[in-house]
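The values are calculated or read from the model by the stated rules, or taken from the named source; none is laboratory data. The structure displayed is predicted, hence computed values, not measured ones. Here Cβ is always computed from backbone atoms with ideal geometry, including for glycine, and neighbour counts include all displayed protein chains.
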Amino acid sequence: MGKIIWIIGFMSLFLYAGDRGNEKGMLQANCLSCHQKQQIPSALIYKRYLMKYSTDARMEAAMFTYMKSPKKEFSIMPAPFFSKFSMKQKMPIKDEDLHRSIKRYLEKFDMKKKLVLEKEKQGAQ
Amino acid sequence: MLRSEKRSLIRFLLIYLSSTFILFSIASWLFYVSSKHHILDRQRETLEYEAEHIQTQLRNLHHANTEKLVYPNDPHIKSAIYDVDKHYIFGSFPKAPSLSHLEKKDTLYYMAHVEPYFLGAAYLLVAQAVNDAPIEALQKNIFIFMLIAGIIFSLLGYYLGRLFVAPMRDSLNQMNRFIQDTTHELNTPISTILTNIEMIETFGKEEERSTELKRIELASRTLSRIYDDLTYLNLNHQYHRNIVSLDMGRLVEERMVYFSAMAEAKSLKMQRDIAENVILQIDRNDALRLADNLLSNAIKYNKTGGTLTVTVSSTYFSVKDTGIGIKKENIRMILERFKRADSSEGGFGIGLDIVNQVVHAYGFVLTIDSQENKGTEVRVTWEK
């Protein structure tokens, strides 16, 4: 019985790791490869979204809307940006895959998990 | 201190001190509430300043490109950031506080809106423990103020209370003296009457009865005069004066006859200088009280074998005795009710008060000229 549990557990872990690896590959292939090629800093884009939308859910919704319909009014970049750079093309990607890629993107650049508490200043007011 | 006086003083003090206490308590409470608000507002201002400072740190963290983002942590000021949906992101509180249930006891909170959302934070909550020291100092000061005010107002209240009951104390003392004098004054003539009646019944011979009867008559007249004086004083305010043309000279002569028995008992020499047809517009009872009191006083305070001089002219009426006289400083005092220059003699001290009332009612002038141990002249002038 113990062996069966071990095998099921190991299989689940393997499947999950496989799934994660798949998402990572999808993000790299669909998003980051282009960003890196064109030297578009993904972390800064994340910070712009975070500064405007605050929560992951709202950021995800805003990114999804833009990806599905890349227009100035849905973009996080300011309007003058597009006088210099052209608008990106709509990507032929399934909604489900897009959602998973965005989630993976948010997770990758999440700033909140980098937060640590400063050691208490002694004698500070 | 009399029991009623003590009771009045206690009641006054209770009302005075309780009303003062209530007034001061309300004023102190309002002052306390206002000052406490002021103290807390000042502490809240510090918190607002701290919130601005933390926001600057959040902005710097947001733009930092480091592996770790070090969130500010102060032992006295705690803070936390929340996203736009008010979900907790991060903070320095030991336990993440819920924005809908903030434990406000002993803690001051300040909520700042963060715009734009650095690190995704839409709200910044800052808190610090209330500094009780200035509030405790305020409470202590108010307590000391109340204590000092309580002591001062208690002393003031006691002093005012004594002033407040002083007229009552005087009235009670006068009343007690009056009752003592009345009982004494009534006792003497009544005892005289009873003793002489007894003597007539026991030993009375025909020829000796006239002496006892004279004493009885004298005592009865004294009683009658006391009755008249007391009635006059008692009814003075409701008394309706019946003004008639009255021959003052004749009235004084009548009253001298009336008092002759008293004068004889003291072996007084009577001298009279009474003008005819001195007509005054006066109520007969007032004129009687005036003459009777001046005559009886002159007889009472005269020395045995002295002289009684009665003068009625067209302008004044005067009675002069050769008695004990009145000290200069006592002359004004004896016009007051229940005051007597010499308490060794009987009486209530109401005689000159009655005379003074009559004199005032008719606009006459009363002058008392007295020399100690030589005699007194009392003069009532009606025409200048």
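Can you tell me which of B:Gln139, B:Gln180 is assigned to a helix (DSSP H, G or I) and at pLDDT 85 or above? Spell out how you get there, then give the answer.
Details: B:Gln180 fails: at pLDDT 85 or above.
From the options B:Gln139, B:Gln180, the qualifying one is B:Gln139.
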key: Residues that are at the interface with chain A (Cβ under 7 Å from one of its Cβ atoms), under 18 Å from B:Tyr117 (Cβ atoms) and not hydrophobic (A, V, I, L, M, F, W, C), drawn from the range B:60-81   = B:His62, B:Tyr71, B:Pro72
task = Return the only residue of A:Lys47, A:Lys119 being closer than 30 Å to B:Ser79 by Cβ, surrounded by 12 or more Cβ atoms within 10 Å (Cβ to Cβ) and either within 14 Å of chain B (Cβ to nearest Cβ) or basic (Lys, Arg) (or both).
result = A:Lys47
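Among the strands (runs of 3 or more DSSP E) contained in the range B:1-99, which hold 3 or more residues that are under 18 Å from B:Val126 (Cα atoms)?
Numbers: elements: B:69-71, B:77-82, B:88-91.
The strands (runs of 3 or more DSSP E) meeting that bar are B:77-82, B:88-91.
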query = Quick one: B:Ile77 ticks every box in (1) closer than 25 Å to B:Val130 by Cβ; (2) out of contact with any helix residue (DSSP H, G or I) (no Cβ under 9 Å at 6 or more places or on another chain) bar one, so which box is it?
reply = (2)
request  = State yes or no: is B:Asp85 more than 24 Å from A:Lys108 (Cα to Cα), in contact with a helix residue (DSSP H, G or I) (Cβ under 9 Å, 6 or more places away or on another chain) and within 11 Å of chain A (Cβ to nearest Cβ)?
outcome  = no
task = Would you point out which residue out of B:Ile89, B:Ile54 is buried (at least 18 other Cβ atoms within 10 Å of the Cβ) and free of Cβ contacts under 8 Å to residues at least 60 places away in the same chain?
result = B:Ile89
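Search the range B:338-384 for residues being of a type in the set (Lys, Arg) and over 32 Å from the mean Cα position of the chain (by Cα), and hand back the single one that is modelled with the highest pLDDT.
To start, the set of residues in the range B:338-384 that are of a type in the set (Lys, Arg) comprises B:339-340, B:374, B:379, B:384.
After this cut, where a residue has to be over 32 Å from the mean Cα position of the chain (by Cα) as well, the list is B:374, B:379, B:384.
Values: B:Lys374: 86, B:Arg379: 93, B:Lys384: 61.
The qualifying residue modelled with the highest pLDDT is B:Arg379.
Residue by residue, here is whether (1) touching a Gly at 6+ places or on another chain (Cβ under 7 Å); (2) outside any helix (DSSP H, G or I) holds:
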| site | (1), (2) |
| --- | --- |
| A:Asn30 | no, no |
| A:Cys34 | no, no |
| A:Ile40 | no, yes |
| A:Ile45 | no, no |
| A:Leu50 | yes, no |
| A:Ala57 | no, no |
| A:Ala61 | no, no |
| A:Tyr66 | no, no |
request  = Might you let me know whether the range A:101-113 holds any residue that is touching a strand residue (DSSP E or B) at 6+ places or on another chain (Cβ under 7 Å), surrounded by 12 or more Cβ atoms within 10 Å (Cβ to Cβ), within 12 Å of another protein chain (Cβ to nearest Cβ) and free of Cβ contacts under 8 Å to residues at least 24 places away in the same chain?
outcome  = yes
request  = Report the residue count in the range A:56-70 for those that are within 14 Å of chain B (Cβ to nearest Cβ) and surrounded by fewer than 18 Cβ atoms within 10 Å (Cβ to Cβ).
outcome  = 3
Hits in the range B:92-136 (condition: of a type outside the set (A, V, I, L, M, F, W, C), in contact with a helix residue (DSSP H, G or I) (Cβ under 9 Å, 6 or more places away or on another chain), touching a residue at least 40 places away in the same chain (Cβ under 8 Å) and within 14 Å of another protein chain (Cβ to nearest Cβ)) = B:Gln128, B:Asn131
